[in-house]
Every structure is written in C-alpha cells, then in structure tokens.
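S.K.: Here you go, one structure.
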Amino acid sequence: LLSSLAVPAYAGDALVFAQRITASAKEIVSYPVGDPSAITVIGAQTDTMSGMDFDPEGTVLWALDFTTQQIGTVNQTTGVFVPSATLQGSCCFTAFTIDPVSGVFYGSRDNGADVYSIDPLSGVSLLQQAAAAPGWGINALTIDCDGRGIASAYDSQGEERLFQWSVGSSPVLIGDTGQMHATSLDFNNADGSLYGWFGTTATSTHARIDPATAQTSQEGSFEGRYHMAIRSTCTSDRIFANGFDPAA
C-alpha cells in the first residue's frame, strides 16, 4: 500500500504490537516498525485497549483495558490479555505509557490534561502533573530515552496539538500535526524516531512525527483504529545521557 513506508536500515528488527479495531474484528497485530502495510494478526482481543507499551527491557507488553478498567499484560504469541490489577479511582484512563528508563507507568484519564503514575500490581494511581495546557484533554502519551514526554491533546473546539512534558516541568506547546483523533504515540527507542496513529474506527493514518516541530511524514491510510507499542530498548549511551547508569 505504501512503498514509502519501507523500514529504514537503522530501525533494526524492532516490531510494533498493536490492537486493531475494525468494523468486524478486534485483534492484536504486529508489524515491522514504520511499515504497517506488513501486518501479521496475532490473535483476537474482544475488549478495547486504551494504551499499550513495553517495559524498559522490551520483553513484557503491558496494556490498559478500557472495557474493564484493568491493567495487565498481553501475550505476544496469542494476544491474550492477563490482568494484574483493577485501576483505582475515577473512570476512565484513556492514554498510557511507560518511561523506558525508570520503568514508571503513566496514564491520563477523565479527558484531562494531567498525568498519573500507575502501580501495575495494585492499580493505584497518583496525580503527578500536567502534560498539556489547562482545559485540554490528553488522548495519547509517550516518553523517550531522555525523559522527554510527548502528549497529543485536544481542546473544547476540537483543535488537536502536541505538547512536550517531563517530570517536574510545565508542558510546552510543540505544534499541530495536521492530523486529528490521535489514538497512539510511541518512540522507537533504538533510534529516537516518533510514530503516531490518528483516526476513527473506520480508517486511521499512520505517520512518522518530528517531536521538535510536530511535522509529519510517511503518512499512510489503513483500515481500523490502532493502539500501538514499539518493542525496542534504550541504548546505554542514551541512558547515560539522561543521568541513569544501570550499572551504578
């Protein structure tokens, strides 16, 4: 469908796992990072996920189940969701990410601009800070190896923008991607590239995003609605630059 979405050489063997929702099915799928035209179906998943992400080691795939408001893991061979806890507090969580260095779980809920840390074993969440401007509602979150968070959020007029956030710092407006209804953002930690999904249940746009300007490239249209997680890890030089030495 999109020859321009061939996997770049630096992407290595990173795979994307996602929930795809179409008019006829909900299923866990995988594809090479940057190339959703090469989708492989893993298995059916009847509930709706509001976010997915890998742990820092790139081995465990975590997800938030919007239908049951539970947190748990997704089997990468069968697509089966195994809950670890019921999410506590008000409903509902609509975005999710894991810091690829610290391993802290974050989510947003209640159509608000704030992010919460989440304990995956108890489901308890604690308010941390804003990741978007007041009055905006976050619909997608991600964090890179340097602790830079990116949030896609929308306002009451339906405008949608990207914001940069980090723990302890106020959110900063990045810009407009030119897309609407973000369902997923994730960094390929192997090279720092950012990808996103935008759209409705019927059709979604996949794009590569410049995290400094919000400009998109390599856009392609695909059937369904997607929540994705890129299976990749931070290299040691990127971790050290962020002040974390795993050997210390």
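S.K.: With respect to PHE187, is the statement that it is in a strand (DSSP E or B) and in contact with an Asp or Glu (Cβ under 6 Å, 6 or more places away or on another chain) true?
M.R.: For PHE187, the condition - in a strand (DSSP E or B) and in contact with an Asp or Glu (Cβ under 6 Å, 6 or more places away or on another chain) - is met.
S.K.: Restricted to region 40-60, and to residues that are farther than 23 Å from PRO100 by Cβ and in contact (Cβ under 8 Å) with a residue 24 or more places away in the chain, which residue is surrounded by the fewest Cβ atoms within 10 Å (Cβ to Cβ)?
M.R.: ALA44
S.K.: Just give me the residues in region 76-87 being part of a loop (DSSP other than H, G, I, E, B) and either without any contact (Cβ under 8 Å) to a residue 24 or more places away in the chain or surrounded by 14 or more Cβ atoms within 10 Å (Cβ to Cβ) (or both), in sequence order.
M.R.: Scanning region 76-87 gives GLN76, GLY79, VAL80, LEU87.
S.K.: In the list SER90, SER102, which residue meets the criterion of being more than 18 Å from THR48 (Cβ to Cβ) and modelled with pLDDT of 95 or more?
M.R.: After applying the criteria, what remains is SER102.
S.K.: While we're on this one: So for region 61-68 (the condition being of a type in the set (Phe, Trp, Tyr), open to solvent by less than 20 Å² (accessible area, probe 1.4 Å), modelled with pLDDT of 95 or more and within 14 Å of the chain's Cα centre (by Cα)), does at least one residue qualify?
M.R.: Checked region 61-68: no residue is of a type in the set (Phe, Trp, Tyr), open to solvent by less than 20 Å² (accessible area, probe 1.4 Å), modelled with pLDDT of 95 or more and within 14 Å of the chain's Cα centre (by Cα).
S.K.: Within region 186-230, take every residue that is hydrophobic (A, V, I, L, M, F, W, C) and open to solvent by 60 Å² or more (accessible area, probe 1.4 Å) and give me the one that is farthest from ILE39 (Cα to Cα).
M.R.: ALA212
S.K.: Which ones in region 163-185 are touching a residue at least 12 places away in the same chain (Cβ under 8 Å), open to solvent by 30 Å² or more (accessible area, probe 1.4 Å) and not polar (S, T, N, Q)?
M.R.: Result: VAL167, GLY168, PRO171, LEU173, ILE174, ASP176, GLY178, MET180, HIS181.
S.K.: Could you list, in sequence order, the residues of region 98-115 that are within 26 Å of GLN157 (Cβ to Cβ) and crowded, with 21+ Cβ neighbours inside 10 Å?
M.R.: Scanning region 98-115 gives GLY107, SER108, ARG109, ALA113, VAL115.
S.K.: Continuing with the same structure: Conditions first: (1) crowded, with 23+ Cβ neighbours inside 10 Å; (2) in a loop (DSSP other than H, G, I, E, B); (3) hydroxyl-bearing (Ser, Thr, Tyr). SER90 passes all but one, so which condition is the exception?
M.R.: Looking at each condition in turn, SER90 falls short on (1).
The values are calculated or read from the model by the stated rules, or taken from the named source; none is laboratory data. As the structure is a prediction and not an experimental result, all values here were calculated from the model. Every residue, glycine among them, receives a Cβ derived from its backbone with ideal geometry; neighbour counts consider all protein chains shown. Note: areas computed on protein heavy atoms with side chains; ligands, DNA, RNA excluded. Shrake-Rupley method; radii C 1.70, N 1.55, O 1.52, S 1.80 Å.
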